[in-house]
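What follows is one structure encoded as structure tokens, with my remarks underneath.
The values are calculated or read from the model by the stated rules, or taken from the named source; none is laboratory data. Because the structure is predicted, anything quoted here is derived from the model rather than measured. No Cβ is skipped: glycine too gets one built from the backbone with ideal geometry, and neighbour counts run over all protein chains shown. Calculation scope for accessible area: heavy atoms of the full protein, side chains included, ligands and nucleic acids excluded. Shrake-Rupley method; radii C 1.70, N 1.55, O 1.52, S 1.80 Å.
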Amino acid sequence: FRTHKHLAAGLDCSSCHGESKDHRDAAGAVEVDRIAAPHQLAELCGTCHAAQAKSFLASRHGELVQAMERGPNCGTCHDVHRVRPILAMQRRCVSCHKQRPEACAAEPAAQTSKLDCANCHTPHGFQP
């Protein structure tokens, strides 16, 4: 987390995990006060990333997470404790989407993103 953009933006552990005094006093031997469940992450992240959270919650991925079914959440693509490289994000997509439609094999009309899938699909509002 010490190299993450969140720290540079003034966030610290307590921003997401609460005060967690017992955790800090026990040098990590006690659980933090709060750990967001997958279906709670968009709301938590949305306190700073409102537009992205709104788009995500309206997407098929967001629908799955809200229904507490298996689906990607904010932390799946964006590791919350360290910066996830683009290729690692891409691997996360294909971990579920192994069979890509033929249309996905073609070159995108415009290279708008370093993440291949995001050239055609909106990153936070994934719709087919």
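Per residue, how large is the accessible surface of the chain? Use a 1.4 angstrom probe and give square angstrom.
Result: 73 Å² per residue.
Share of the chain's accessible area from carbon and sulfur, percent, 1.4 Å? Display every interim value, and only then the final one.
Numbers: 5250 of 9280 Å².
Ligands and nucleic acids excluded, carbon and sulfur give 57 percent.
What three numbers, in Å, describe the spread of the alpha carbons of region 50-115 along their principal axes, ordered from the longest?
Sorted from largest, the Cα extents of region 50-115 read 32, 26, 23 Å.
So, how do all the Cα-to-Cα distances of the chain break down into 5 Å bins, in percent, from 0 on up?
2, 9, 16, 21, 19, 14, 9, 5, 3, 2, 1
What number, rounded to the nearest 500 deg cm²/dmol, is the helix-based mean residue ellipticity at 222 nm of the chain, given -39500 (n - 2.57) per DSSP H run of at least four residues and division by all its residues?
Taking each H run of at least 4 residues, the total per residue is -9000 deg cm²/dmol.
Quote the charge dipole size of the chain about the Cα centre in Debye, to the nearest 20; the model charges only the Cβ of Lys and Arg (+1) and of Asp and Glu (-1). Show your work: numbers first, answer last.
Details: 15 positive and 13 negative charges, 75 e Å.
Computed charge dipole of the chain: roughly 360 debye.
Any idea what angle helix 86-96 forms with the longest principal axis of the chain, computed on alpha-carbon atoms, 0 to 90 degrees, nearest 10?
70 degrees
Which distance in nm do the two modelled labels at S113 and Q40 give, with both placed 7 Å along the Cα-to-Cβ direction?
Distance between the two pseudo-spin positions: 2.8 nm.
Express in nm, to one decimal, how much length is gained between L7 and D25 on full extension, taking 0.36 nm for each residue of separation and deducting their alpha carbon distance.
Residue separation times 0.36 nm, minus the Cα-Cα distance, leaves 4.4 nm.
Are there GluC sites (Glu not before Pro) in region 46-117 that DSSP puts in a loop and that have at most 16 other Cβ atoms within 10 Å, and which ones?
E69
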